[in-house]
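*Asks:* Handing you a structure now.
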Amino acid sequence: MAATRRADVTWEGDLLSGGGVVTAASSGAFRALPVSWAARTESPQGRTSPEELIAAAHASCFAMALSFGLAGAGKPPRKLEVSATVTFDKVEAGWRVTSSALTVRADVPGMDTAGFRKAAEAAKDGCPVSQALKGNVKLSLEATLVR
């Protein structure tokens, strides 16, 4: 069964001086997060951006995929600390999301470094958000096993 999720945005004004709010309509997990062009290209100042929301989606998806893969290999993680840094840049064709850099620090009892890095790469390549970004966005991974 397919899962669907919805987010709603209300925008007022033009691109440069206007702004809006984004709400997680399906879950209610967040409501009326302010969003603006300036939050994308300048200082966020308490506002979010599509790129920050992509980063949140990528980090959480990767964490779930890695947790699943490690547990499936008999090495469930004690703790995963994951971040994703998404870059929004002006290129010849206009503004684009150009990269998503994943970083993970993991405490995985009984796991060796080589096995952990292999599992982390598989999670990076296989998580659904990575699949959605692949081919359009440079994906990278820094994986550290801290035991």
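*Asks:* Return yes or no: is T113 modelled with pLDDT of 95 or more, surrounded by fewer than 19 Cβ atoms within 10 Å (Cβ to Cβ), farther than 26 Å from E42 by Cα and of a type in the set (V, I, T)?
*Replies:* Working: modelled with pLDDT of 95 or more: yes; surrounded by fewer than 19 Cβ atoms within 10 Å (Cβ to Cβ): yes; farther than 26 Å from E42 by Cα: yes; of a type in the set (V, I, T): yes.
So T113 fits the description; yes.
*Asks:* Restrict the check to the range 119-138 and report whether at least one residue is touching a residue at least 60 places away in the same chain (Cβ under 8 Å) and of a type in the set (K, R).
*Replies:* Residues of the range 119-138 touching a residue at least 60 places away in the same chain (Cβ under 8 Å): 123-124, 126-130, 133.
Next cut, of a type in the set (K, R) only: 124.
Yes, some residue in the range 119-138 is touching a residue at least 60 places away in the same chain (Cβ under 8 Å) and of a type in the set (K, R).
*Asks:* Next question, about the same structure. In the list R40, R47, which residue meets the criterion of being within 21 Å of V129 (Cα to Cα), surrounded by 12 or more Cβ atoms within 10 Å (Cβ to Cβ) and basic (K, R)? Full working, then the answer.
*Replies:* On the way: R47 fails: within 21 Å of V129 (Cα to Cα).
Residue meeting the stated conditions: R40.
*Asks:* Next question. Residue by residue through the range 116-139, note down the ones that are out of contact with any Cys (no Cβ under 9 Å at 6 or more places or on another chain), buried (at least 16 other Cβ atoms within 10 Å of the Cβ) and not in a helix (DSSP H, G or I).
*Replies:* V137, L139
*Asks:* Go through the range 9-27 and give me each residue that's under 19 Å from the mean Cα position of the chain (by Cα) and either within 24 Å of T87 (Cα to Cα) or loosely packed, with under 11 Cβ neighbours inside 10 Å (or both).
*Replies:* Selection gives V22, T23, A24, S27.
Yes/no per residue for (1) out of contact with any Cys (no Cβ under 8 Å at 6 or more places or on another chain); (2) not assigned by TED's automatic domain parsing to the domain that holds G126:
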residue: S17; (1), (2): yes, yes
residue: G20; (1), (2): yes, yes
residue: R31; (1), (2): yes, yes
residue: A65; (1), (2): no, no
residue: G74; (1), (2): yes, no
residue: F88; (1), (2): yes, no
residue: A93; (1), (2): yes, no
residue: R96; (1), (2): yes, no
residue: G110; (1), (2): yes, no
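The values are calculated or read from the model by the stated rules, or taken from the named source; none is laboratory data. A quick note: this is a predicted structure, and the numbers were derived from the prediction, not measured. Positions of Cβ are generated from backbone atoms using ideal geometry, with glycine treated the same way; all protein chains shown enter the neighbour counts.
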